[in-house]
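Everything below concerns the one structure shown next.
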Amino acid sequence: MSLNRREMLRLGAAGAGGLILSSAAASQALPGLLLPQTPATAPVNPYAPAVQPQAPVAPAGIDPALFARAKAALDQHQIYPRDVIGIADFSRPSSERRFHVVDLQNGSVESHLVCHGRGSDPAHSGYLERFSNDFGSYATSSGTYVTDAYYQGKYGLSLRVRGLDWSNNNAEARAIVIHNAWYAEPEMLQQHGQLGRSEGCFAMPKTSQYEVMKRLAGGRMIYADKIA
């Protein structure tokens, strides 16, 4: 049976309406397939204070400000390995164990006696008064060091260090090293209340020197400074 023109138009309109309803229903049933969903995010407050990075937590017995400086130096100079570092706290007198070997993996600390240079303490008060990087100053230099090669010297087996900062970059040429010395032994404290003075080297008791060298050899960092 043939359809006249009016009936064909009516059926076509009805079919189009069904398609529209079907598409609307599908969009309600499966919105994620047809329209990508944008996750809701909290509005940004432009007046909120900036989040400050947390300062490193200092191990027990180490000045927090000095430890923060040492960690910053470790990152600045990109020193590896970075499992163990040495920190010499020259804010403290020579009568105290002020050379700290810090295990950054477990937070443990071993502390040792260490001398400062006689040019840093002209009155021999037991306190470091000034740093110097100058030749002939016989003073201790502040800054970042890394350990270098072993050698046999005046005090037996010793360990060279290299200075990485402007304040200690003459260390290698000045022959600044880690060595033991009779004037760094604990008996000096019993007799004089303080250690003797070096010519700028990290002079230590013999037992401490070997322990320190064993832990810090191989290009590990030593940071020397004082907090005013």
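The values are calculated or read from the model by the stated rules, or taken from the named source; none is laboratory data. Because the structure is a prediction, the values reported are computed rather than measured. Using ideal geometry, Cβ is built from the backbone for each residue, glycine included, and neighbour counts are taken over all protein chains shown.
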Scan region 51-73 and tell me whether some residue there is touching a Lys or Arg at 6+ places or on another chain (Cβ under 9 Å), surrounded by fewer than 17 Cβ atoms within 10 Å (Cβ to Cβ), modelled with pLDDT of 95 or more and closer than 25 Å to SER167 by Cβ.
no
Taking region 79-108 and the residues there that are farther than 25 Å from ALA228 by Cα and among the acidic types (Asp, Glu), the one that is surrounded by the most Cβ atoms within 10 Å (Cβ to Cβ) would be ASP103
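Are any residues in region 136-169 at positive phi and either surrounded by 22 or more Cβ atoms within 10 Å (Cβ to Cβ) or without any contact (Cβ under 8 Å) to a residue 12 or more places away in the chain (or both), and if so, which ones?
Within region 136-169, GLY136 is the sole residue that qualifies.
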Yes/no for GLU129 being over 22 Å from LYS226 (Cβ atoms) and acidic (Asp, Glu):
no
So the check is Cβ under 6 Å with 6+ separation or different chains; which pairs have a first residue in region 91-110 that's more than 19 Å from GLN191 (Cα to Cα) and touching a residue at least 40 places away in the same chain (Cβ under 8 Å) and a second one that's among the charged types (D, E, K, R) and assigned to a loop (DSSP other than H, G, I, E, B)?
SER91/LYS226
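Within region 117-130, can one find any residue that is surrounded by fewer than 20 Cβ atoms within 10 Å (Cβ to Cβ) and under 24 Å from the mean Cα position of the chain (by Cα)?
No: region 117-130 contains no residue that is surrounded by fewer than 20 Cβ atoms within 10 Å (Cβ to Cβ) and under 24 Å from the mean Cα position of the chain (by Cα).
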Every residue in region 121-137 that is within 17 Å of ARG174 (Cβ to Cβ) and touching a helix residue (DSSP H, G or I) at 6+ places or on another chain (Cβ under 8 Å), please.
LEU128, ARG130, PHE131, SER132, SER137
Selection from region 65-75 of residues that are in contact (Cβ under 8 Å) with a residue 40 or more places away in the chain and either of a type outside the set (A, V, I, L, M) or assigned to a loop (DSSP other than H, G, I, E, B) (or both)
ARG69
